[in-house]
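Visitor: Supplied in structure tokens, the structure appears directly below.
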Amino acid sequence: DFGGLMHVAQNMYYGTDYQRKETGYASRFYQYQGAFVWQNAGYAAGGSSIAWETKMQLSGNGDLLVGTTSNSASSNEGSKIVSNGRLFQVSSYDANTQESLSMYSTGAAAYRFFVGWGGTVYANPFHI
């Protein structure tokens, strides 16, 4: 009994567990208890069990989570827009060689603003 679960899936069926119909990737979208969830699974043989990985979730309370299933501001890597309007980008990066927030101008063909994971703010042509 799926208790009101609605899903749309590709390359899967449910017997005693989720399994691939054919060799390849599997994916699904489902709605349950007010949440909308997008999942996929890696390449494997037909008939094999599926271990779903949640890639994006819109929770019933309005939290949008990309690459994570947690809305924590300081753990579980991913992008999070939470219901009170806050935006979090959580990563294990810690240097300015990787950026966390970027604004790119196609007209100027250049980054105009970005923040490095080391804490430096870059505003073309300056940095703070």
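Visitor: When both residues are 6+ apart or on different chains and their Cβ atoms are under 7 Å apart, which pairs have a first residue that lies in the range 38-65 and is closer than 9 Å to ALA26 by Cα, and a second that is loosely packed, with under 15 Cβ neighbours inside 10 Å and acidic (Asp, Glu)?
Guide: GLN39/GLU53; ASN40/GLU53; ALA41/GLU53
Visitor: Condition first: surrounded by 15 or more Cβ atoms within 10 Å (Cβ to Cβ), more than 11 Å from the chain's Cα centre (by Cα), farther than 19 Å from TYR14 by Cβ and not small (Gly, Ala, Ser). Now tell me which residues in the range 37-75 satisfy that.
Guide: ASP63, ASN71
Visitor: For the range 14-35, what are the residues that are open to solvent by 70 Å² or more (accessible area, probe 1.4 Å) and modelled with pLDDT of 95 or more?
Guide: Those that are open to solvent by 70 Å² or more (accessible area, probe 1.4 Å) and modelled with pLDDT of 95 or more: LYS21, GLU22, THR23, TYR25.
Visitor: Pairs under 9 Å by beta carbon, first residue of a type in the set (Asp, Glu) in the range 87-103, partner open to solvent by less than 70 Å² (accessible area, probe 1.4 Å) and in a strand (DSSP E or B), six or more apart or different chains?
Guide: Here the result reads GLU99/PHE114; GLU99/VAL115; GLU99/GLY116; GLU99/TYR122, each pair linking the range 87-103 to a residue that is open to solvent by less than 70 Å² (accessible area, probe 1.4 Å) and in a strand (DSSP E or B).
Visitor: Counting just the residues of the range 63-117 that are in contact with a Lys or Arg (Cβ under 6 Å, 6 or more places away or on another chain) and closer than 17 Å to VAL37 by Cβ, which one comes out modelled with the lowest pLDDT?
Guide: Going through the qualifying residues, I end up with ASN71.
Visitor: Looking only at the range 114-127, which residues are within 26 Å of the chain's Cα centre (by Cα) and more than 23 Å from SER92 (Cβ to Cβ)?
Guide: Result: no residue meets the conditions.
Visitor: So, one more: Considering only the range 93-126, how many residues are open to solvent by 50 Å² or more (accessible area, probe 1.4 Å), among the aliphatic types (A, V, I, L, M) and either assigned to a loop (DSSP other than H, G, I, E, B) or touching a helix residue (DSSP H, G or I) at 6+ places or on another chain (Cβ under 8 Å) (or both)?
Guide: Within the range 93-126, residues that are open to solvent by 50 Å² or more (accessible area, probe 1.4 Å), among the aliphatic types (A, V, I, L, M) and either assigned to a loop (DSSP other than H, G, I, E, B) or touching a helix residue (DSSP H, G or I) at 6+ places or on another chain (Cβ under 8 Å) (or both) number 1.
Visitor: Go through the range 1-13 and count every residue that is aromatic (Phe, Trp, Tyr) and open to solvent by less than 50 Å² (accessible area, probe 1.4 Å).
Guide: Number satisfying all stated conditions: 0.
Visitor: Look at the range 83-92 and say how many of its residues are open to solvent by less than 60 Å² (accessible area, probe 1.4 Å) and in contact with a Gly (Cβ under 8 Å, 6 or more places away or on another chain).
Guide: Of the residues in that region, 1 qualify.
Visitor: Among the residues of the range 53-66, write down those that are out of contact with any Ser or Thr (no Cβ under 6 Å at 6 or more places or on another chain) and of a type in the set (Gly, Ala, Ser).
Guide: Across the range 53-66, the qualifying residues are SER59, GLY60.
The values are calculated or read from the model by the stated rules, or taken from the named source; none is laboratory data. No experiment lies behind these values; they were computed from the predicted model shown. Heads up, the Cβs are rebuilt from the backbone with ideal geometry, glycines too, and the neighbour counts pull from every protein chain shown. All accessible areas refer to the heavy atoms of the entire protein, side chains included, with ligands and DNA or RNA removed. Shrake-Rupley method; radii C 1.70, N 1.55, O 1.52, S 1.80 Å.
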